[in-house]
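The values are calculated or read from the model by the stated rules, or taken from the named source; none is laboratory data. Worth saying up front: this structure is predicted, and the values here are computed from it rather than measured. Positions of Cβ are generated from backbone atoms using ideal geometry, with glycine treated the same way; all protein chains shown enter the neighbour counts.
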Amino acid sequence: MVRLSMKFKMFYAIITASATLILIWNIIYTDWNYAQLIHLLVFGILAIACESLPVALPKGGYVTVSYSIFLSSLISFPLGVTLIAIALSCMLIFGKAGLEQPLYKRVFNASQYVLSLTAAYAVISYSKITSFELNFKSIGFYLIAAAVYMVLNMTIVTIILGITSGKSPWSIWAVNFRWALPNFMALVPLGFLLALLYKNWGALGLFLLFIPLLVSRHSFQLYIDMRENYLNTVEALVQALEAKDTYTSGHSARVGKLAVSMGEAIEMSEEKIVFLKYAAVLHDVGKIGVSETILNKEEKLLDSEWEVIRSHPVIGETIIKNIKFMFDIGNVVRHHHERYDGKGYPDGIKGEGIPLESRIIAVVDTYDAITSDRSYRKGNTHDEALVELKRVAGSQLDPALVEVFCKVDTSELVSQTFGSEPVQVAKANFRA
């Protein structure tokens, strides 16, 4: 942990120390007997299996489907049994997940689970419910306890992700909550069912229901893989373009990075930043439909050739609109060459009538074009490019966005390549 920030270390120390004290207290004050040890063994094995089969999120963190196991244990047994089972599930991870999880991450994940479950158990203790039962009162308190666990679990993990990524924990939390809520709601009834089966049928009924849990995990893995395939599709389209236009190699990736930086600067939501990044990376994809002879021509272009060049935003829109997951990105691509004064193409719209994402792309696209080498000239410096952007602000470019861009640090962004999207998608338990 020598390379981790002091803020990370302080937060880590608070979480782990608090969880350790709570765990020790509950171990000491739990009324242990043979039955409690059997409960611990059964739920510990299931929890370890779930935690050993995580689904990696696109921008850091993992999710598992062990929430139902945690909840059913929480509402059925003394807190000491649940906390030990959950702590063991984090520390005894096996397989690929075990190899990828350093000890300090395992300790943190165990600690945040202990704190979240303790808070949820406090709700059940307040209700005076002493054993698992299904009636309106108990279900109401169980749902409140589940909500408390979900919120605290998400909050602790998003704080640590915010500290390590430098992003706003609130923005990460807001996106995660929107995705997590329906999934948690789906897994809460499954937790009740697990508890009911275990109460009436013992370990056999529990392990039979564990199979649908594994299916749920597999479905979410397929979903994440599908998102990764979307990214691969985008990259393939960009590579096809840059194979034709050798002088713009890396241009789309740089525009994508710079556009994301601007989106963060104006505090766009994480989802809109993803949308902006897709659009920025694909803004010139319509050049696939333009002849290589025209794209790589070193002499001055004829009027007819300029008309062909100016058709690429429309071609790009046509290509993208047939890809369902791209949503309205085609519209952004169509308008990235519109001018703020209305003299652009293809539709001649102006001002704020131009989509915000298109206006952002226009700024960063212009900057990269100015600073990049071409066959007929050498690229200008960063400072020279800023002077030119300010000169055309209000005519070609949105002046407010030019002002924002002038404050963006481009020193590292332009050298990076297109990477994974900045979104955490949640399904069940969060962990770092």
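Here 345, 367, 340 are screened, and the one residue that is over 34 Å from the mean Cα position of the chain (by Cα), surrounded by 14 or more Cβ atoms within 10 Å (Cβ to Cβ) and either farther than 23 Å from residue 233 by Cβ or in the same structural domain as residue 271 (by TED's automatic domain parsing) (or both) is 345. Entry remark, segment 20-39: residues being within 30 Å of residue 160 (Cβ to Cβ) and either in contact with a Phe, Trp or Tyr (Cβ under 8 Å, 6 or more places away or on another chain) or outside any helix (DSSP H, G or I) (or both) number 1 in total. Helices (runs of 4 or more DSSP H) fully within segment 276-365 that include at least 1 residues being in contact (Cβ under 8 Å) with a residue 24 or more places away in the chain and more than 20 Å from residue 254 (Cβ to Cβ): 292-295, 312-320, 329-334.
Residue-by-condition table, conditions (1) hydrophobic (A, V, I, L, M, F, W, C); (2) crowded, with 19+ Cβ neighbours inside 10 Å; (3) outside the structural domain of residue 206 (by TED's automatic domain parsing); (4) farther than 18 Å from residue 19 by Cβ:
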site	(1), (2), (3), (4)
73	no, yes, no, no
86	yes, yes, no, no
103	yes, no, no, no
119	yes, no, no, no
128	no, no, no, yes
143	yes, no, no, yes
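Go through 184, 141 for me and flag whichever is farther than 23 Å from residue 30 by Cα and among the aromatic types (Phe, Trp, Tyr). Please lay out each step first, then the result.
Numbers: 141 fails: farther than 23 Å from residue 30 by Cα.
Answer to the check: 184.
Might you check whether a residue that is surrounded by 20 or more Cβ atoms within 10 Å (Cβ to Cβ), under 28 Å from residue 408 (Cα atoms) and charged (D, E, K, R) occurs anywhere in segment 319-330? Give the steps one after another, and end with the answer.
Just the residues of segment 319-330 that are surrounded by 20 or more Cβ atoms within 10 Å (Cβ to Cβ), to begin with: 320, 326, 329-330.
Now restrict to residues that are under 28 Å from residue 408 (Cα atoms): 326, 329-330.
Narrowing the set further to residues that are charged (D, E, K, R) leaves none.
No: zero hits.
Of the candidates 174, 145, the single residue that is within 26 Å of residue 10 (Cα to Cα) and either touching a Phe, Trp or Tyr at 6+ places or on another chain (Cβ under 7 Å) or touching a residue at least 24 places away in the same chain (Cβ under 8 Å) (or both) is 174.
Scanning segment 1-19 for residues that are among the hydroxyl-bearing types (Ser, Thr, Tyr) and assigned to a loop (DSSP other than H, G, I, E, B) yields a single hit, 5. Kindly indicate whether residue 305 is out of contact with any Cys (no Cβ under 9 Å at 6 or more places or on another chain) and modelled with pLDDT under 90. Considered against the rule, which asks whether it is out of contact with any Cys (no Cβ under 9 Å at 6 or more places or on another chain) and modelled with pLDDT under 90, residue 305 comes out as yes. Determine, yes or no, whether residue 121 is assigned to a helix (DSSP H, G or I), under 23 Å from residue 12 (Cα atoms) and at pLDDT 90 or above. Answer is yes for this residue.
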